[in-house]
1. I'd like the FRET efficiency for residue 81 and residue 15, computed as 1/(1 + (r/R0)^6) with the beta carbon distance as r and R0 of 30 Å, rounded to 0.05.
2. Sequence neighbours fewer than 8 away in the same chain don't count; with that in mind, list the aspartates and glutamates whose C-alpha is under 19 Å from residue 108.
3. How much length is gained on full extension from residue 91 to residue 38, taking 0.36 nm per residue of separation minus their Cα-Cα distance?
Amino acid sequence: MMYGYGDYWSLTWMMFAIVAFAAYLFALFAVVADLFRDHTLGGVAKALWVTALVFLPLIALLAYLILRGPGMQARTNKEAEQMWRATDDFLRRMPVAGTPTEEITRAKALRDDGTITDAEFETLKARALSTPPHSSATETWAQHPPEPQG
């Protein structure tokens, strides 16, 4: 069955409408998330913004982005920086595997104490010699810091 030009333009319009609706939903969720992330805005103001987003969605969304857009970016950057620092602090507290020499020395001390057998010592020694030395993730991050945004 052949489709006419009307069907082509209907399909094109429908695809455009779907993409526009997806972009609208993305912006709407970003605005709602920013509303509740902002601790300087009072509860009544938040309720008014949410009410406006429900009853006048497109106008309220555009007004929010125009009036509070720069603050929205600053709050997003601040949250990203806090998450970066928390991850970095967590990784700094993680134990880091030592060099193969340190691993073998620890295994030898365990064998001398009688904690492990000679076979277990040989296994640990082979494992230490077969793996390359690891660098700390925080050292890697320090060498390649994130790009500043702004």
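Read-outs: derived from the displayed coordinates by stated rules, not from any lab. Here the structure is a predicted model, which means the values were calculated and not measured. Glycine also receives a Cβ, built like all others from the backbone with ideal geometry; neighbour counts cover every protein chain displayed.
1. E between residue 81 and residue 15, to the nearest 0.05, is 0.20.
2. Counting by Cα, and skipping residues close in sequence, residue 108 has these aspartates and glutamates nearby: 118, 120, 122.
3. 16.2 nm
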